[in-house]
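Quick notes on the structure that follows.
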């Protein structure tokens, strides 16, 4: 009888341990999935003849307008209220363009706007922002100064690209042009990666975090 009770007790403890393991795995999966981003939406490039675009945020439609001064303004739909402005921080706005796209979470109603600015024929980066709602107000969670804290060099020639990978992670990559040894002509230029980071949403802090990966 004691042997049977011992076996029952062992079986019960084994089942409890398995249940705890399954719940732990489920919790980890839910946390991981909660932090995943949906595939990136196609952006709109504001430059020359295309000067504005309207997009849906978190229950609110906003309008991005590029003025004659080449400053980008994030406004209410009627244009009467300006929430934020964006411009080249380290020089003038000559030849600047702004690519604006939406970034959404896979299992959340969070919506962010990605603004990636460049200048000139070679697309030198002139500004980068991730904008979203924080306590009811529109704020920039990430900008070039934020990236600089992790090793990005803002006032140098870079080209920034972003994508959401197969794991739902938002990856930012910075590259620069260079002329390989022996090259003489512009078409011989090459690109070299100089910075890469995973930008993730911290649901507890309600803010973006950065993990440098290169």
Check your understanding: Does residue 128 fit the bill of being outside any loop (DSSP other than H, G, I, E, B) and touching a helix residue (DSSP H, G or I) at 6+ places or on another chain (Cβ under 8 Å)?
Key -> yes
Practice item. Looking only at the range 124-146, decide whether some residue is surrounded by fewer than 16 Cβ atoms within 10 Å (Cβ to Cβ), touching a strand residue (DSSP E or B) at 6+ places or on another chain (Cβ under 9 Å) and over 24 Å from residue 55 (Cα atoms). Key: no
Point to revise | Checklist (1) farther than 30 Å from residue 189 by Cα; (2) out of contact with any helix residue (DSSP H, G or I) (no Cβ under 8 Å at 6 or more places or on another chain); (3) assigned to a loop (DSSP other than H, G, I, E, B) applied to residue 108, failing item | key: (2)
Exercise for review: State all residues of the range 165-214 that are part of a loop (DSSP other than H, G, I, E, B) and surrounded by 15 or more Cβ atoms within 10 Å (Cβ to Cβ); if no residue qualifies, say none.
Suggested key: 168, 169
Check your understanding: Checking residue 80 against (1) under 22 Å from residue 137 (Cα atoms); (2) outside any loop (DSSP other than H, G, I, E, B), which test does it fail?
Key -> (2)
Revision key, fill the gap. Selection over the range 45-63 where residues are touching a strand residue (DSSP E or B) at 6+ places or on another chain (Cβ under 9 Å), under 18 Å from residue 119 (Cβ atoms) and either in a loop (DSSP other than H, G, I, E, B) or in contact (Cβ under 8 Å) with a residue 12 or more places away in the chain (or both) yields a count of 5
**Study point:** Inter-residue pairs, beta-carbon under 8 Å, first closer than 28 Å to residue 142 by Cα and in the range 180-200, second in a helix (DSSP H, G or I) and at pLDDT 85 or above, 6+ apart
**Key:** 195/147; 197/147
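The values are calculated or read from the model by the stated rules, or taken from the named source; none is laboratory data. Model, not experiment: these values are computed from the prediction. When we count neighbours, we look across all protein chains shown, and the Cβ atoms used for this are built from the backbone with ideal geometry, even at glycine.
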